[in-house]
1. Any residue in segment 314-332 that is surrounded by 15 or more Cβ atoms within 10 Å (Cβ to Cβ) and not in a helix (DSSP H, G or I)?
2. Among the residues of segment 98-132, which ones are in a loop (DSSP other than H, G, I, E, B) and at pLDDT 95 or above?
3. Among the residues of segment 219-230, how many are surrounded by fewer than 22 Cβ atoms within 10 Å (Cβ to Cβ), touching a Leu at 6+ places or on another chain (Cβ under 9 Å) and outside any helix (DSSP H, G or I)?
4. For segment 171-218, how many residues meet the condition of being farther than 23 Å from residue 144 by Cα and either open to solvent by less than 20 Å² (accessible area, probe 1.4 Å) or of a type in the set (S, T, N, Q) (or both)?
5. When residues of segment 245-258 are filtered for being open to solvent by 10 Å² or more (accessible area, probe 1.4 Å) and over 18 Å from residue 225 (Cα atoms), how many remain?
6. Within segment 231-270, work out how many residues are in a helix (DSSP H, G or I) and either touching a Cys at 6+ places or on another chain (Cβ under 6 Å) or under 30 Å from residue 284 (Cα atoms) (or both).
7. Please name all residue pairs, on different chains or six or more residues apart, with Cβ atoms under 9 Å, provided the first residue is in segment 205-234 and is in contact (Cβ under 8 Å) with a residue 60 or more places away in the chain and the second residue is aromatic (Phe, Trp, Tyr) and open to solvent by 10 Å² or more (accessible area, probe 1.4 Å).
Amino acid sequence: MADNRLKLVIERNIPFIAGVADVYADVEYLAADAITREAVADADAIVVRTRTRCGRDLLEGSRVRMVVTATIGTDHIDMEYCRTKGIEVRNAPGCNAPAVAQYVLASVATLMNRPIEQHTIGIVGVGHVGKIVERWARALDMRVLLCDPPRAREEGPVAFTDLDTIAREADIITFHTPLTTDGEDATFHMADKAFFGKLRRAPIVINAARGGVADTDALTEAIRAGIAGHAVVDCWENEPDISTELLELASVATPHIAGYSLQGKVRASQMALDALSDFFGLPGMKADAPEECRSTAVAKTVTVQALEQSYLPMDDTQTLRNNPKDFEALRNNYDYRQEPQTGKID
C-alpha cells in the first residue's frame with residue numbers, strides 16, 4: 001500500500017458498500033471482532049456498526065481521523081474522547097426509521113385483540129423513528145400520545161404528555177429514545193419496576209430502541225404478573241447474551257433487526273459513503289444496491305394489510321427461540337425485508 005494513499009477499515013457486514021471506495025483508498029473489510037487497535041493503527045477512517053466500541057482502547061495511538069457508524073446511534077462511540085482527539089464522528093440519523101416503524105406496527109397488528117383504530121398508542125421519544133410511528137398510527141386512526149421532554153421544553157407542552165399518563169392510558173407503549181445515563185432526561189432503565197407498577201391497561205410494551213431502556217428483570221416480572229399484556233423485544237440488555245427467560249415470555253422476540261430493511265441498509269451505507277466523500281474530498285460514491293431498493297422514499301401512510309404483508313414478526317421470533325445462542329449470526333445474516341410501499345412521498 002502506498003504510504004500517501006487513504007486507508008479505510010470497514011466492517012464487512014455493512015451491506016452495499018464493499019468495493020465502492022476501493023478506487024479511492026486501500027480498504028480492509030473486517031469482521032467486527034477483528035477491528036482491533038492493531039488493525040486500525042494506520043487507518044485514516046473506520047466505518048463500523050454498533051458492535052465496535054470506538055474509544056481510547058481502540059483508537060489511542062492510531063492515525064484515525066474519522067469514525068463513521070452506519071447506524072443511527074452513537075452510544076458505542078466515546079464522543080468525548082473523539083472530540084478531544086479531533087476525530088470526526090458521523091452517524092446515519094433516521095436511516096432505519098421507516099423499518100423500525102414497520103416492525104412496531106406489524107407487531108401490534110399481530111398481537112392486537114380488536115380493530116387497530118380502537119387502540120391508544122403511547123410513543124416515548126418522538127425523533128426520527130417516533131415521528132414515523134406517529135404519522136402512520138394517526139393514518140390508522142389510532143389515538144396517539146407523545147412523550148418527549150426535550151421536545152416539549154423546546155416546542156411547548158401542548159402536543160406532549162408525560163410518562164405517567166402514557167402508563168395509565170396507553171394500550172401500546174413503544175420506546176424510541178437514545179440510551180443515556182445522566183441528566184434530567186436519562187433513559188437508562190426508564191422502563192423500570194416503578195414504571196411498570198403504573199400500568200393500568202395491560203399494554204403491549206415494545207423496546208426497539210436500546211436494550212438498557214428497559215430493565216430486564218422488571219419487564220420479566222411485569223409480564224409474569226400480567227401487568228404487561230405483551231412484550232415486543234428487539235433490543236436487549238447484554239446482547240448477544242440475552243435473557244432466555246425474557247426470550248420465552250416475550251410475545252415477539254427478535255435479534256435486534258427491527259431496522260433491517262433493504263431500504264434502511266441502503267440509506268445507512270449511502271450516508272456512510274457521503275460522510276467519507278465529504279470529509280476527505282472524494283467524488284460522490286453510490287451504494288451498490290439492487291435496483292428494487294434504490295428508491296428510499298418513505299410511505300406517507302400504511303394500512304394494516306400492508307403491514308401484515310410486509311413483515312411477519314412471529315417467524316423471526318420462532319427462529320430466535322430455537323437458536324438463542326446464534327443471536328449474532330441471526331443478526332449478521334438477516335434476510336433484509338422490504339418496507340411497506342403504500343402512499344409514498346416523492
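The values are calculated or read from the model by the stated rules, or taken from the named source; none is laboratory data. Keep in mind it's a predicted model, so treat the numbers as computed, not measured. Every residue, glycine as well, gets a Cβ built from its backbone with ideal geometry; the counts of neighbours run over all protein chains shown. When the accessible area is computed, the model is the full protein with side chains, heavy atoms only, and any ligands, DNA or RNA have been set aside. Shrake-Rupley method; radii C 1.70, N 1.55, O 1.52, S 1.80 Å.
1. For segment 314-332, residues surrounded by 15 or more Cβ atoms within 10 Å (Cβ to Cβ) and not in a helix (DSSP H, G or I): absent.
2. Here is the first cut: in segment 98-132, the residues in a loop (DSSP other than H, G, I, E, B) are 112-115, 119, 125-127.
Correct list: 115, 119, 125, 126, 127.
3. Residues in segment 219-230 being surrounded by fewer than 22 Cβ atoms within 10 Å (Cβ to Cβ), touching a Leu at 6+ places or on another chain (Cβ under 9 Å) and outside any helix (DSSP H, G or I): 3 in total.
4. 6
5. The initial filter retains those residues of segment 245-258 that are open to solvent by 10 Å² or more (accessible area, probe 1.4 Å), namely 245, 248-249, 251, 256.
So of that shortlist, the ones also over 18 Å from residue 225 (Cα atoms) come out as 256.
Total satisfying the criteria: 1.
6. At the first step, the residues of segment 231-270 found to be in a helix (DSSP H, G or I) are 244-249, 262-270.
Among the residues that remain, those that are also either touching a Cys at 6+ places or on another chain (Cβ under 6 Å) or under 30 Å from residue 284 (Cα atoms) (or both) are: 262-270.
Total satisfying the criteria: 9.
7. 210/188
Yes/no matrix, rows are residues, columns are (1) within 23 Å of residue 273 (Cα to Cα); (2) of a type in the set (A, V, I, L, M, F, W, C):
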{"site": "84", "(1), (2)": "no, no"}
{"site": "92", "(1), (2)": "yes, yes"}
{"site": "103", "(1), (2)": "no, no"}
{"site": "109", "(1), (2)": "no, yes"}
{"site": "129", "(1), (2)": "yes, yes"}
